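A short reminder: the numbers here are calculations on the coordinates, not readings from a lab. Values in this document were obtained by computation on a predicted structure and should not be read as measured data. In this analysis, Cβ positions are derived from the backbone assuming ideal geometry, glycine residues included, and neighbour counts consider all displayed protein chains.
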Amino acid sequence: MPAHVLEALAQAGPLEGVPDLRGTRLFIGGFVALLASIAAGLASAAVLQEDWSNARGNEAVVVLLALLLFLLLGGGIWYLLRQLPRVGERMFRIDAQGMRWGEPASPRVLAWRHACRAPTGFCDVKTEFASSDAIVKRLVFQQAARGGEPGEVRLPLALTVDTGRVLRFRNRAALLRALLLHLATQPRPRLRFDAEVFIDAGIDPQTWEPMPGPRRWMWLSTLAALVPVLAVIVLWPVGEHIGWMVAATVLAMVAGAGAMGWFMHRRYPGLQGLFEFETQPGAAP
């Protein structure tokens with residue numbers, strides 16, 4: 001761990017997340033405008049409809065579906081409008097003792113000394129993508145629990161857990177860097193970081209300076225790796241057995257993933273495997 005990075009971390013005071021209030025309001029306003037436009041368009045189409053012969057005999061069903069649709073749209077607009085006065089009611093704070101995030105009145109709390117190693121696996125801090133949980137990657141690490149198994153802390157890399165209150169923090173990069181630094185400098189146990197954490201965070205693990213290049217290349221190489229899969233789907237001969245198509249698609253996915261891994265290894269040979277950081281005795285804050 002670079003000495004100047006440790007010195008700056010020891011001298012740094014508490015770091016508070018700065019909510020992007022304007023961006024959050026525009027985000028909510030955009031959804032309100034979209035839902036209102038859909039409702040207005042449906043109402044206009046119903047008024048301008050001249051021939052309702054295709055609905056004869058099913059008037060009750062049509063009316064019920066129309067009411068249900070307008071209730072859903074109206075409920076969505078009402079919910080979003082109720083969020084506007086509460087924009088900014090989320091916090092994220094990092095200091096020498098730990099971090100607090102979420103609802104200001106009852107935030108979640110993590111003390112750095114409670115960060116621990118994972119009971120299974122080869123890494124303790126990683127990023128993962130679960131489509132059933134979120135559409136963005138999450139930072140995952142372990143928190144010791146009293147008298148039980150360690151609990152998992154899962155944070156979106158945007159560090160916001162409610163986009164209706166705070167779409168993003170303006171100083172998100174500084175918050176994420178401070179979070180990773182505090183986890184990396186815990187004296188016991190030394191946590192093991194998956195290299196992909198630093199690619200996703202855009203941080204050089206050797207200098208702890210911004211490093212957006214690998215993240216951009218990973219996205220580009222991921223898109224390029226989908227080309228063989230799309231080629232199989234588009235060019236597959238009509239009439240061939242579907243089982244062969246599935247097998248060819250799987251092989252194309254494996255080949256694309258292998259090519260992506262080879263490219264990233266060749267371009268960034270030092271960003272693979274695990275990272276475990278060392279500090280001089282007494283240097284860690």
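Taking 0.36 nm per residue of separation and subtracting the Cα-Cα distance, full extension of the segment from T120 to V136 would add 3.3 nm. Applying 1/(1 + (r/R0)^6) with R0 = 51 Å to the Cβ-Cβ distance of W236 and R216 gives a FRET efficiency near 0.95.
According to the Cα-based calculation, Rg over Rh for the stretch 190-277 is 1.16, with Rh computed by the Kirkwood formula. Measuring r between the beta carbons of A255 and I38 and using R0 = 45 Å, the FRET efficiency lands at 0.60.
Using unit Cβ charges (K, R positive; D, E negative) and no other charged atoms, how large, in debye to the nearest 20, is the dipole of the chain about its Cα centre?
On the way: 28 positive and 23 negative charges, 139 e Å.
Approximately 660 debye in magnitude.
The simple Förster model, with R0 at 35 Å and r as the Cβ-Cβ distance, assigns R108 and M245 a FRET efficiency of 0.15. Overall dimensions of the stretch 150-193, expressed as equivalent-ellipsoid semi-axes from the Cα gyration tensor (√(5λ), whole Å, largest first), are 24, 14, 6.
Tell me what the chain gives for mean residue ellipticity at 222 nm when only DSSP H runs of n ≥ 4 count, each as -39,500 (n - 2.57), the sum divided by the residue total, rounded to 500 deg cm²/dmol. Provide the component values of the computation, followed by the final result.
Working: 8 runs with 130 residues, N = 285.
Dividing the helical sum by the residues of the chain leaves -15000 deg cm²/dmol.
Note on the chain: Rg/Rh from C-alpha atoms, Kirkwood Rh, equals 1.09. Using the Karplus relation 6.51 cos²θ - 1.76 cosθ + 1.60 with θ = phi - 60°, the per-residue 3J(HN,Hα) values for the stretch 216-226 come to 5, 5, 5, 5, 5, 5, 5, 4, 5, 5, 7 Hz, with x marking Gly and Pro. If the elastic network links every pair of Cα atoms under 10 Å, which of L223, L159, L139 fluctuates the most in the Gaussian network model of the chain? Ranking L223, L159, L139 by mean-square fluctuation puts L223 first.
How much of the pair distance distribution for the stretch 217-267 lies past 18 Å, counting alpha-carbon pairs only, in percent?
Working: 440 of 1275 pairs.
Roughly 35 percent, rounded to a whole number.
Computed from backbone phi with θ = phi - 60° and the Karplus coefficients 6.51, -1.76 and 1.60, the 3J(HN,Hα) list for the stretch 20-34 is 8, 5, 4, x, 5, 5, 5, 4, 5, x, x, 5, 4, 5, 5 Hz; x is used for glycine and proline.
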